[in-house]
Amino acid sequence: MKSPFMKRAILAVCAVLAVSCAARSVDALRGNLSRKARSLALGPGAIPGCVVVAGADASPIAFGRANGVKVPVAATATYGKGRAVAVTHHGFMEGEVMRRRGNAAFMRECLVWLAGGFPPAEIYVDRGRGTMGSAAAEALKDVKGLRMKPLPGYDALSSLPAGSVVITMPDSHSIQDAAKLTEFVRGGGGVLAVVVGWGWHQVSGERPFTESPFNAALGPAGIYTCGAFAGAGNDGLYEVPETDDMPGLSAESAIELAERGSVIPPALGARCLFTLEALAEALSTTDIKWRPRLEAIAKSAQTGLVPSPAHPLRRTRVRERLAYTLFQNAWLARPERNWSASAAAASYPGLPAKDARRVTRDVEVDMSVPRWHGTGLFAGAGEPLTLTLADGAEKLGLRVRVGSTTCRVTDHAEWMRAPVVDMELPLVKKTTTFASPFGGMVYIVVPGGRSGRTSVKVGPACHAARFVDGVDTPETWVAQLRERRAPMVELESECLVITVPYASVQNLADPRPLLQVWREIMANDAKLTGIPVKRASPERICADVQLCAGYMHAGYPIMMPTSCLRNLLSEPTIRAGAVDDVWGFFHEMGHNHQNDDWTFNGTTEVTVNFFSLYNMQKICGRGIRDNWKIGGEGFKRRVEEWRAAGRPYDKWRADPFLALDFFARLIEKYGWESFERLFAEYRALSPAERPKNDLEKREQWCRRLSRIVGEDLSEEFRFMGVKKGAGDEAKDAKK
């Protein structure tokens, strides 16, 4: 009979052997993948997410890049008696890419590994969305003995034969069902799990990743998803390397490095931060393995480091950035609480003047106008704000928003402010009280499809200067600037609201000319795209010290850097129309008016500039060629070289201003009126008449514009793949 000591020794040896076998097994899989797959392709327009691995039994097997850092886009794990593989976009196994040797080999090898090293007798394909397409099944059919069956749901997992392999997208199920998948793997099953973390985050209403069914299901095995995007390498492919021996890539490695302090060089710091921030996003609040170590690192951070434009917080400050991330995650998970002020609020959105008076006011809300309604109030950082609804209004779907920016800069190489400073809460109770750690302008958010009016009592908060065109005068505006010392101010008309720092408008004595020129711009955009000048709700522009993407970007609101405020707030500068001063404003507002029906593949940054050219002419009095972007001798030579080369379509699509020249020639020949008529026609199309694919978009452009101008333009459009004669109906229009 074996002694207790002997039993423990045998168990320990078995555990070591099991881990060793699992490691060798993963190494064998990686070796097969690196030889047979080498790289993965992804279909056009598909953007994979990322995963992070935590634990000795989890390992990345394919990589993309995010902000210059190599990040995992596929990973494996052994758990209990079973195995799991996670891939971060179903596009890796669907459509044309599965006819590529690398993708097909990758999926075949993963399925064989999941089945324990033999071709799986049966593969059960989850009927949920985003799992496996017919092309993937075709590519896998040569695996000997392979059979595919539908999986009716997670309740069926417990009755599957031993050694079965399941292909599923856990985030298409409920978090309550996640445990069934965990137990299936633990008991010896194989799972090929598809996860697009950023996609789940958007679809779920930006719930925290602790609520992701994928994380609940495969987190115990050591694979987590997060909100990061991944891009391909310089060759447009995703790397499948022979080894994952890279410091900072696993949770254990990143934590060990961070525990030592500042991580140098910057590339290593960036890799550690990706791993730690992704892990912090995903871990359950009850996690006892990793979370205490992350919190200990955060507590060791140097206090008093506040990110600002003058002193950005860079990736080498791993402990300090992790401290902000953990705080951010805790806040966003429970925004309804009364949070203390963050020192970073001083950088953005700013702090009210010390003597700024706090007020409570009744805000009238027109429910027929959707989106944000300004209250004229600024909530101080860490100051409790109370909203009291009118009777019955808790059923209207209203929300309160604090913060004007929508830019979240968590993954940036350096932070010029706290990574997230805005928040929203549903107003589902008669009275709601909370405090934001950053404060900001206060809005009531109205869902679409409502009518009538209601009121909300809001306060205490600082009165912010707010010029409402048609209500305020230069005199009331100057008085507001003197008396209302909130850090942000708003300039508002029926079509546009501009939100900027207080300091940027102190010398703006009369906002009316500025709002008038923007009213004209908005009317021009509406006319060109074929919508009514009177809008359902105004567009918005917001200035921020750091943006999440681009120098400027479109959206609601359009986000602009504070560095451009001198031009943005100057009516004379806008009307003068120097291209470097105003093109970007016209361009970003144009994005908000673009129509997908007349924007085909490769022309998103082309057709948007119709609005730039239109406003340069209508507002600034400048001709189509009166700018360096599509004017000048150098540009003319570029166009002629393209024409001499036979007008290659790929080169045309790759050069936005070369492409814009094609349309500019049509405008010069037929006038803006032809484009106005064309886009109004598109706006009126029924669903059956709308183009169904990219070629149809190009053909409808040719056919519809040909009819409007009374000439067959098919020869002009031929280099785009449009057949000769596609505009023949123009001949009938002439008769």
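The values are calculated or read from the model by the stated rules, or taken from the named source; none is laboratory data. Remember, predicted model here, so these are calculated numbers, not experimental data. All Cβ positions, even for glycine, are placed from backbone atoms using ideal geometry, and neighbour counts span all protein chains on display. Note: accessible area is taken over every heavy atom of the protein model, side chains too, but ligands, DNA and RNA are not part of it. Shrake-Rupley method; radii C 1.70, N 1.55, O 1.52, S 1.80 Å.
Within region 550-708, the proportion of Cα pairs with more than 19 Å between them is 59 percent.
Protein heavy-atom surface of the chain, 1.4 angstrom probe: 53% of the accessible area is carbon and sulfur, with nucleic acids and ligands not counted. Any idea what % of Cα-Cα pairs in the chain are farther than 41 Å? Roughly 43 percent, rounded to a whole number.
Using alpha carbons only, the radius of gyration of region 402-559 set against its Kirkwood radius gives Rg/Rh = 0.96.
For region 284-428, report the % of Cα-Cα distances exceeding 23 Å. The proportion of pairs with Cα distances above 23 Å equals 46 percent.
Scaled against the 2.2 N^0.38 Å expected of a compact globular protein of N residues, the Cα radius of gyration of region 521-584 reads 1.21. Gyration tensor over the Cα atoms of region 319-403: the corresponding equivalent ellipsoid has semi-axes (square roots of 5 times the eigenvalues, largest first) of 28, 18, 12 Å. Phi angles across region 411-426 convert, under the Karplus curve 6.51 cos²θ - 1.76 cosθ + 1.60 with θ = phi - 60°, into 3J(HN,Hα) values of 8, 6, 5, 9, 10, 9, 7, 4, x, 9, 10, 10, 7, 9, 9, x Hz, Gly and Pro given as x. Rolling a 1.4 Å probe over the protein heavy atoms gives the chain an accessible area of 42 Å² per residue. Legend: distances between Cα atoms for K651/K724; K180/K299; K70/K723; K636/K724; K457/K534; K299/K430; pairs beyond 32 Å are K180/K299; K70/K723; K299/K430. Using C-alpha pairs under 8 Å with a sequence gap of at least 6, the mean separation divided by the residue count of the chain gives a relative contact order of 8 percent. Entry note, region 361-514: relative contact order of 32 percent, from Cα contacts under 8 Å with a spacing of 6+ residues. Region 180-215 and region 49-114 have their alpha-carbon centroids 14 Å apart. In terms of its C-alpha gyration tensor, region 432-503 comes out oblate, because a/c is 1.5 or above while a/b does not outweigh b/c. When you restrict to C-alpha pairs under 8 Å that are six or more residues apart and normalise by the size of region 230-294, the relative contact order lands at 26 percent. Summing Lys and Arg as +1 and Asp and Glu as -1 over all other residues whose Cβ lies under 13 Å from the Cβ of A543 gives a net charge of 0. Radius of gyration over Kirkwood radius for region 209-367, both on Cα atoms: the Rg/Rh ratio is 1.05. Per residue, the convex hull spanned by the Cα atoms of region 641-712 amounts to 112 cubic angstrom. Binning every alpha carbon pair distance of region 605-647 at 5 Å from zero, what are the percents per bin? For region 605-647, the pair-distance distribution reads 6, 20, 21, 21, 19, 9, 4, 1. What's log10 of I(q)/I(0) for region 365-468 at q = 0.23 Å⁻¹, Debye sum over Cα points only, no solvent? Evaluating at q = 0.23 Å⁻¹ gives log10 I(q)/I(0) of -1.25.
When a/c reaches 1.5 or more, the comparison of a/b and b/c decides; with that in mind, is region 150-266 rounded, prolate or oblate per its Cα gyration tensor? Prolate is the answer for region 150-266, as a/c is 1.5 or above and a/b outweighs b/c.
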